[in-house]
Amino acid sequence: MLSVEAVSKTFGGVQALRSASLSCAAGEILGLIGPNGAGKSTLVNAIAGVLKPDAGSVKLAGNEITGHGPEHCARAGVGRTFQTIRLFRDLTVRQNVEVAHITCRSVRPDVAARIGVDRLLAQYQLDGFADVPAGTLSYGSQRRLEIARALALGPLLLLLDEPAAGLNEDESETLAVAIEGIRRDVGCATIVIDHDLRFINRLCDRLCVMDQGQVIASGQTEEVWRDPRVIEVYVGQSETS
Amino acid sequence: MDYALQQLLNALAFGAEYSLVALGLAVVFSIMGLVNFAHGEIIGVSAYSVFLAAALGLTSPIVAVLLAIAAAALAAVAFERVAFRPVRYAPTTTGLLTAFGVSIVVQNLFMLLISPKPQSVSILNGLNQMWFFGPFAVSSLQVMELIVSGLTILALVLFLNRSTLGLAIRAASRDFATVRLMGIRANRVIATAFAISGALAGIAAVFIMARRGSVSPDLGFSLVLKAFVACVIGGFGSLPGAAVGGMLLGFIEVGLLVALPQEYGGFKDALTYVIIVALLVYRPEGLLGQRVELGDKEI
């Protein structure tokens with residue numbers, strides 16, 4: 001479904017991405033992890049069209065979307081949530097979801113008819129708050145609303161940037177169940193970035209580990225955790241801290 | 001009683017006109033963060049279109065009104081496409097300077113291609129008559145200005161709240177970058193915002209032409225400055241704020257004209273700004289604007 005080939009990006013003198021490659025199949029949940037500054041968010045921004053890579057290619061369902069801009073990537077099927085919640089705070093919960101559903105109705109009408117705004121709101125326990133401003137929701141509900149809004153696009157690829165940040169253990173578990181539900185119901189490729197390794201290990205089929213702009217390991221979860229480079233990045237880090 | 005009613009109508013009519021033009025500024029600012037000082041030249045394009053059509057033999061006031069609105073909407077979209085789109089993601093000051101540049105270029109084109117002197121346009125004079133309601137005589141133009149502005153603002157509110165494109169525009173006015181990540185086409189949303197802004201300017205141009213009976217290259221400039229002030233009073237970027245700010249400015253101006261002795265009439269503008277400054281000291285974010293957290297800078 002998603003194929004990222006040798007993507008590089010430099011900001012001034014800092015090389016944020018160095019020939020990073022990864023892939024994610026339909027129905028798969030891929031964990032993208034790494035220490036702060038590893039290039040995870042830069043890579044996600046390159047996939048979502050927010051950043052134009054200096055080199056490399058991003059293909060979704062075989063279509064080239066490299067550097068095509070955020071609108072084109074969203075219309076091609078890239079849905080995303082954000083590290084810092086970015087809802088339209090004074091629009092209602094329903095209107096937040098409807099904004100993304102406009103695109104889905106335009107580019108994937110069959111999917112739009114199937115998912116429906118009301119269904120998404122009910123699925124994410126937001127139907128009771130449909131007509132209140134999104135900014136008045138609790139933090140956990142805002143996180144769920146961001147996911148519901150991303151799904152209203154009818155995405156082929158869902159990018160979840162630190163979805164469990166700030167959630168307690170129970171809320172993280174509820175969120176993990178919801179993300180597994182996405183795999184079952186929508187079948188899209190899902191990439192999850194998070195620092196909560198317990199959450200990542202519980203949820204993801206495969207892991208992709210980044211450090212200093214490079215993908216240093218990629219594969220099945222257990223296999224990746226045995227990789228010496230990953231151990232060095234994580235264990236070495238915890239020793240120094 | 002007659003005098004009080006007349007002054008009330010004056011205030012409402014001036015306020016309605018300021019509100020229309022201020023809404024045009026606010027629609028664009030809320031999405032692009034651009035203070036479009038070339039908005040006055042959109043009013044100018046609208047007025048000169050009617051002037052040229054009349055010179056070519058147009059006699060129908062209804063067609064003239066439709067032409068004024070269409071020309072303004074087209075001019076606004078053209079300004080966006082030619083001048084503002086290339087600097088869309090540039091710093092705010094670049095957009096501001098571009099707007100001033102467009103304003104100067106278009107004003108000079110009016111002077112070079114038509115005339116630097118005011119030109120008579122009489123086709124809309126019929127809108128400006130006296131209507132008699134029992135003992136009261138009122139200006140038809142002011143009544144129409146009030147009703148048409150009210151209906152236009154109502155239509156705008158309905159469009160923004162009930163239509164799909166309206167929802168996209170409202171979302172874009174909150175967070176343009178996120179709206180693009182939802183797959184909403186930025187060009188379409190911005191072009192629609194400029195078209196709305198232009199149509200509002202076109203409606204204002206009809207009333208200005210009907211009142212003045214002439215067009216001149218700087219026709220809309222002073223009105224845009226007033227509209228800018230109205231936006232600041234209401235809270236820049238807030239659409240309800242622009243409407244409320246315009247109306248309040250109309251009431252302040254007319255109220256001062258009524259209250260000041262004739263020999264102090266020249267102080268009207270100065271006192272208007274004193275009142276506005278006092279208002280902004282009390283509410284720096286404007287009446288309906290949102291306060292921005294400034295951290296240490298608030299001290």
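Tell me yes or no: at least one residue of the range B:186-203 is buried (at least 24 other Cβ atoms within 10 Å of the Cβ), more than 21 Å from B:F14 (Cα to Cα) and within 11 Å of chain A (Cβ to nearest Cβ).
No, the range B:186-203 has no match at all.
What pairs can you find where one residue is in the range B:171-199 and over 18 Å from A:V93 (Cα atoms), the other is aromatic (F, W, Y) and surrounded by fewer than 22 Cβ atoms within 10 Å (Cβ to Cβ), and their Cβ atoms are less than 8 Å apart, with a gap of 6+ or different chains?
Hits for this filter: B:A186/B:F176; B:I196/B:F159.
If B:V232 passes every condition in (1) over 29 Å from B:F110 (Cα atoms); (2) within 14 Å of chain A (Cβ to nearest Cβ); (3) surrounded by fewer than 24 Cβ atoms within 10 Å (Cβ to Cβ) but one, which one does it miss?
(2)
Mind telling me which of the residues A:L160, A:L145 ends up being among the hydrophobic types (A, V, I, L, M, F, W, C), over 11 Å from the mean Cα position of the chain (by Cα) and buried (at least 17 other Cβ atoms within 10 Å of the Cβ)?
A:L145
Determine, yes or no, whether A:R75 is facing chain B (nearest Cβ under 8 Å), under 22 Å from A:G166 (Cα atoms) and not in a strand (DSSP E or B).
Spelling it out, it is not the case that A:R75 is facing chain B (nearest Cβ under 8 Å), under 22 Å from A:G166 (Cα atoms) and not in a strand (DSSP E or B).
Please determine whether any residue of the range A:93-105 is buried (at least 16 other Cβ atoms within 10 Å of the Cβ), more than 21 Å from A:E71 (Cβ to Cβ) and either modelled with pLDDT of 90 or more or within 14 Å of chain B (Cβ to nearest Cβ) (or both).
Yes, because at least one residue in the range A:93-105 is buried (at least 16 other Cβ atoms within 10 Å of the Cβ), more than 21 Å from A:E71 (Cβ to Cβ) and either modelled with pLDDT of 90 or more or within 14 Å of chain B (Cβ to nearest Cβ) (or both).
I need the full set of residues from the range A:10-28 which are surrounded by 15 or more Cβ atoms within 10 Å (Cβ to Cβ) and out of contact with any helix residue (DSSP H, G or I) (no Cβ under 6 Å at 6 or more places or on another chain), in order please.
Those that are surrounded by 15 or more Cβ atoms within 10 Å (Cβ to Cβ) and out of contact with any helix residue (DSSP H, G or I) (no Cβ under 6 Å at 6 or more places or on another chain): A:Q15, A:R18, A:S21, A:L22, A:S23, A:C24, A:A26, A:E28.
Out of the residues in the range A:152-186 meeting the condition of being within 22 Å of A:L43 (Cα to Cα) and part of a loop (DSSP other than H, G, I, E, B), tell me which one is nearest to the other protein chains (Cβ to nearest Cβ).
A:L153
Can you name the condition, by its number, that A:T66 falls short on among (1) of a type in the set (V, I, T); (2) in a loop (DSSP other than H, G, I, E, B); (3) within 14 Å of chain B (Cβ to nearest Cβ)?
(3)
I'm trying to understand the selection: among the residues of the range A:91-123, which are farther than 17 Å from A:C188 by Cα and assigned to a loop (DSSP other than H, G, I, E, B)?
A:L91
Considering only the range B:28-40, I want to know if a residue exists there that is part of a helix (DSSP H, G or I), farther than 19 Å from B:N125 by Cβ and touching a Lys or Arg at 6+ places or on another chain (Cβ under 8 Å).
Yes, because at least one residue in the range B:28-40 is part of a helix (DSSP H, G or I), farther than 19 Å from B:N125 by Cβ and touching a Lys or Arg at 6+ places or on another chain (Cβ under 8 Å).
Let me confirm something: among A:F88, A:F82, which residue is outside any helix (DSSP H, G or I), crowded, with 22+ Cβ neighbours inside 10 Å, of a type outside the set (V, I, T) and at the interface with chain B (Cβ under 10 Å from one of its Cβ atoms)?
A:F88
For the range B:84-101, indicate whether the set of residues that are exposed (fewer than 14 other Cβ atoms within 10 Å of the Cβ), in contact with a Ser or Thr (Cβ under 7 Å, 6 or more places away or on another chain) and over 21 Å from B:L239 (Cβ atoms) is non-empty.
Scanning the range B:84-101, I find no residue that is exposed (fewer than 14 other Cβ atoms within 10 Å of the Cβ), in contact with a Ser or Thr (Cβ under 7 Å, 6 or more places away or on another chain) and over 21 Å from B:L239 (Cβ atoms), so the answer is no.
Residue check, A:L51 against (1) in contact with a helix residue (DSSP H, G or I) (Cβ under 9 Å, 6 or more places away or on another chain); (2) more than 14 Å from chain B (Cβ to nearest Cβ); (3) not aromatic (F, W, Y), all met but one. Which one?
Here A:L51 clears every test but (2).
Return yes when B:S163 is away from every other protein chain (no Cβ under 14 Å) and not acidic (D, E) and no when it is not.
No; evaluated as a whole, the condition is false for this residue.
Mind listing just one residue for me: the one in the range A:116-134 that is within 20 Å of the chain's Cα centre (by Cα) and touching a residue at least 40 places away in the same chain (Cβ under 8 Å) and, of those, farthest from the other protein chains (Cβ to nearest Cβ)?
A:Q123
The values are calculated or read from the model by the stated rules, or taken from the named source; none is laboratory data. Just so it is clear, the model here is predicted, and its values are computed rather than measured. No Cβ is skipped: glycine too gets one built from the backbone with ideal geometry, and neighbour counts run over all protein chains shown.
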